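The structure under discussion appears below in the form of structure tokens.
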Amino acid sequence: MGGMKIWNSYGAEHSLNLVIIGRFKEEHEAEEFETLTNKVTSFLHENSEFDVEADRFDKKTLAFLGKENLFSLSPQQLGHLLYDVHLTRDGNEVRISSDDDVNAFISLLIHKGAKVEVFSAHEYPENERD
């Protein structure tokens, strides 16, 4: 019975266990990033016009992105913010984990000036990191 779990973690497509760590030079930058992602996520959940499959953004989303000065993501990437993602912040470090491929966060972190580390928690369990 114990062997089943291991098989699942490699067999199941939805078990990426992706960890993204973004380190900003300043703590306030990490804080602003956290605020921004929360704001974007809330907006996307409330905006029924947003279509992740579309080639271009709807007017409402476009206006929002303009206001936030966020032009680095495609509709598909922006959709990553709607996935099941866990974001925590500790000082100048933002940690994002998800079972989905949420590479949009990597683009966003870099765009906002962070140094980014990406790995699978399957290969590098958290408690074994230095």
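Out of Glu26, Glu117, Glu53, any idea which swings most in a Gaussian network model of the chain, alpha carbons joined below 10 Å?
Checking each option, the largest mean-square fluctuation is seen for Glu53.
Considering only Glu93, Glu46, Glu31, give the residue with the highest GNM mean-square fluctuation for the chain, with springs between Cα atoms whenever their separation is below 10 Å.
Judging by the Gaussian network model, the answer is Glu46.
If R0 is 25 Å, what FRET efficiency do you get for Lys59 and Thr88 from their C-beta distance, rounded to 0.05?
0.15
Could you name the lysines in cross-link range of Lys115, using Cα to Cα under 23 Å and dropping any fewer than eight places away on the same chain?
Within the straight-line limit of under 23 Å, Lys115 reaches these lysines: Lys25, Lys39.
Go ahead and estimate [θ] at 222 nm for the chain from helices alone: -39,500 (n - 2.57) per DSSP H run with n ≥ 4, summed, over the residue count, rounded to 500.
-11500 deg cm²/dmol
Among Arg23, Arg56, Arg95, which one shows the biggest mean-square fluctuation in a GNM of the chain, springs joining Cα atoms closer than 10 Å?
Arg56
Roll a 1.4 angstrom probe over the protein heavy atoms and tell me the percent of accessible area of the chain that is carbon or sulfur.
C and S atoms contribute 49 percent here.
The values are calculated or read from the model by the stated rules, or taken from the named source; none is laboratory data. All figures in this text were calculated on a predicted structure; none of them were measured in a lab. We place every Cβ from the backbone using ideal geometry, glycine too, and count neighbours over all the protein chains shown. Accessible surface is based on the protein model in full, side chains and every heavy atom, while ligands, DNA and RNA are left aside. Shrake-Rupley method; radii C 1.70, N 1.55, O 1.52, S 1.80 Å.
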